[in-house]
Amino acid sequence: MPVISINKRYLYSLVGQGIDDHKLADYMSKLGFEVENISGDDATIEITANRLDLLDAIGLARTLKNFMHKSKRFHYEIENNQPALDITVDRSVGKIRPYISALVAFNVEVDDNVLLNLINFSEKFCETFGRNRRKIAMGFHDFDAIKGPLIYKSGEDLEFVPLGHKEKMSFSNILENEEKGKQYASIIKSPRRCFYPALSDSEGPVAFIPILNSQRTRITTATKNIFIDITGISEYAVNKVAEVLAASFMDIGADVRKVKIKRGEEQRLTPEMEKRYITIPIKKAEREIGVAIGYNNVISLANKMGYEAGMLGNKIKFRIPEYRLDIIDEQDVIEDMAIGYGYEYINPLPIYYSQPGGLEERTKFNRKLADIMVGLGFSECTDSYLTNKQNNFDKAGISDDKSAIMLKNSNTDTITMMRTWLLPSLLNNVGKSGHEKMPQDIFEIDMAFRAKDRKPFESYHLAGVSINPKANFNTAKEVVEGLLYAAGVKYRISELKHGTFIEGRSAEIVLEGKGIGFFGELHPLVLKNFGIEEPGIALELHLESLYPKS
């Protein structure tokens, strides 16, 4: 979960009277957050991952004022729909970072606290919700330094003076030599080409998206009017982030204005400040929380959690705050009502059951197999379900399988599909552990995935690898015989030609006329593909046929 560090004196000045270190820790705990440390002028607070509106002092102050019944502002509207600026979106950004929202905050009193708060919020937000700028990135600019309408375009390797520098640099130079450029270059690079998305005015680039802003538009304590751009790969996300920022600037007294976004024939104003409502029967809320709240208290609780609410017969109509990205349905609102009421005042109920819980039979069998493998000298490991065609097929010496489940719109070449078997994962682990002492004997019991009739199908496998200079086919056969004998499985062995193994040194495990696995001596080319320098053996079993019949 995100951990933020804020200037508590600035936070307390925003909240006003009635807050101190003790009450801050108490209120945060009741809201479901944790104050990790308070020392001097700083407070370190762990925020749950869904409350991204609380990543700065302004958002925290807003929530605390609501919780303390000190706020009378429960919704945020931009009354002046005359746009402060126009942005034209060129079709060239569609392939890399197609969406943009923006706003302008006028009459902002930018002191050191506000400046530091903006920087910290931007960095933390883009790191967490923005997935290190890949999903969302934002930039803050001095609005008065911007000359004329903006255009959001990609393709040209332009030059400008980046933030924190004195000399002009080209975009390509920034990606190669500047710290932020090297850190985020992969976002706008593909194996075949590099994109250069830029936001520019009549004098040149205002920002190299999502890498660096221009030194020309940097914010200082002399700045009065701030332009904010939000770009990303999700239209919904960039729009909602604009609403969060608009609410924060309104909270510190700024006059927020919209920006017109023009994409071809389409035009829209951001931030939209969408009005959302959720209506919940009061009896349902009381039943799920476990207390009788009563009609007189429900509005007070709603206000305490930042909602504007009213009674409609026997139902409550909640207006969702514009800055709450986490509210999806009525369950989220009911949870907030429970937090506002106070979990310490809700009496626990006994859990009634008709029969005690227990492990599934296949889980018991999996554990039995794991114990046997450990007894045979193997160490258990766990790996990711996600892989790529090169590891899953090519390096393992087998052909592509049309039943493989591929991932749509993958952002990286290393994760493109669900694994169809476990053995490549083990070989990959051994290859990365070549510096460790030999022999290496490892196994895994977990799921593999395939498509069956265009539907995903998952099944448990057991795979084992032994990398040992003395390992051979007979060693592999001994491991399989020891495992299946101890597990009580009757089987037979037949010949098998498999690309992962040396020809003539592999075999299939057959149960009731059906192949349920294989083993053998690993092919030297496969070992080389995974960076393994010693000989080795391997086995893999499909466990579904071995589970006790219910």
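Listed by position, the strands (runs of 3 or more DSSP E) contained in the range 464-528 that have at least 3 residues being assigned by TED's automatic domain parsing to the domain that holds Q390 and in contact (Cβ under 8 Å) with a residue 40 or more places away in the chain are 514-522. Look at the range 424-448: where a residue is more than 21 Å from H523 (Cα to Cα) and a partner is crowded, with 21+ Cβ neighbours inside 10 Å and of a type in the set (K, R), sitting 6+ places away or on another chain with Cβ atoms under 9 Å, you get M447/R419; A448/R419. For the range 164-214, the tally of residues that are surrounded by fewer than 18 Cβ atoms within 10 Å (Cβ to Cβ), of a type in the set (A, V, I, L, M) and more than 24 Å from the chain's Cα centre (by Cα) stands at 0. Under 19 Å from A57 (Cα atoms) and not polar (S, T, N, Q), is that true of E109? In short, yes.
Restricting the range 263-274 to residues that are free of Cβ contacts under 8 Å to residues at least 60 places away in the same chain and part of a loop (DSSP other than H, G, I, E, B), the residue that is surrounded by the most Cβ atoms within 10 Å (Cβ to Cβ) is E272. When F457 is tested against the conditions (1) surrounded by fewer than 22 Cβ atoms within 10 Å (Cβ to Cβ); (2) hydrophobic (A, V, I, L, M, F, W, C); (3) touching a residue at least 24 places away in the same chain (Cβ under 8 Å), the lone failure is (3). Among all residues of the range 233-255, there is none that is of a type in the set (G, A, S), assigned to a strand (DSSP E or B) and in contact with a helix residue (DSSP H, G or I) (Cβ under 9 Å, 6 or more places away or on another chain).
Scanning the range 430-463 for residues that are assigned to a loop (DSSP other than H, G, I, E, B) and not polar (S, T, N, Q), we see that the one that is nearest to the chain's Cα centre (by Cα) is R454. On inspection, N50 qualifies as outside the structural domain of A254 (by TED's automatic domain parsing), among the polar types (S, T, N, Q) and under 22 Å from the mean Cα position of the chain (by Cα). Checking each residue in the range 107-140 for being part of a helix (DSSP H, G or I), closer than 20 Å to P2 by Cβ and either of a type outside the set (S, T, N, Q) or not assigned by TED's automatic domain parsing to the domain that holds A254 (or both) picks out L116, L118, I119, F121, E123, K124, F125, C126, E127. When H75, H22 are screened for being in a loop (DSSP other than H, G, I, E, B) and either surrounded by 15 or more Cβ atoms within 10 Å (Cβ to Cβ) or not assigned by TED's automatic domain parsing to the domain that holds G306 (or both), only H75 passes.
One line per residue, one yes/no per condition, for (1) within 23 Å of Y460 (Cβ to Cβ); (2) more than 31 Å from the chain's Cα centre (by Cα); (3) surrounded by 12 or more Cβ atoms within 10 Å (Cβ to Cβ):
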| residue | (1), (2), (3) |
| --- | --- |
| E361 | yes, yes, yes |
| G375 | yes, yes, no |
| N388 | yes, no, yes |
| A396 | yes, no, yes |
| M406 | yes, no, no |
| M417 | yes, no, yes |
| W421 | yes, no, yes |
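Using the structure shown, decide if K283 is more than 32 Å from the chain's Cα centre (by Cα), farther than 23 Å from K30 by Cβ, of a type in the set (K, R) and outside the structural domain of V238 (by TED's automatic domain parsing). Answer is yes for this residue.
Within the range 345-374, the set of residues being under 30 Å from I289 (Cα atoms), touching a residue at least 40 places away in the same chain (Cβ under 8 Å) and not aliphatic (A, V, I, L, M) comprises Y345, N347. Looking across Y341, Y277, Y323, one residue alone is buried (at least 18 other Cβ atoms within 10 Å of the Cβ), under 23 Å from V244 (Cα atoms) and not small (G, A, S). It is Y323. Need the failing condition index for S92 against (1) surrounded by fewer than 19 Cβ atoms within 10 Å (Cβ to Cβ); (2) modelled with pLDDT of 95 or more, just the number. Answer for S92: the failing condition is (2).
Exactly one residue among S379, S399 is assigned by TED's automatic domain parsing to the domain that holds L483, touching a residue at least 12 places away in the same chain (Cβ under 8 Å) and under 17 Å from R450 (Cβ atoms), and that residue is S399. For the range 382-396: of the residues being free of Cβ contacts under 8 Å to residues at least 40 places away in the same chain and out of contact with any strand residue (DSSP E or B) (no Cβ under 8 Å at 6 or more places or on another chain), which is farthest from S433 (Cα to Cα)? Ranking the qualifying residues of the range 382-396, first place goes to F393.
The values are calculated or read from the model by the stated rules, or taken from the named source; none is laboratory data. Values in this document were obtained by computation on a predicted structure and should not be read as measured data. Backbone-built Cβ (ideal geometry, glycine too); neighbour counts: all protein chains shown.
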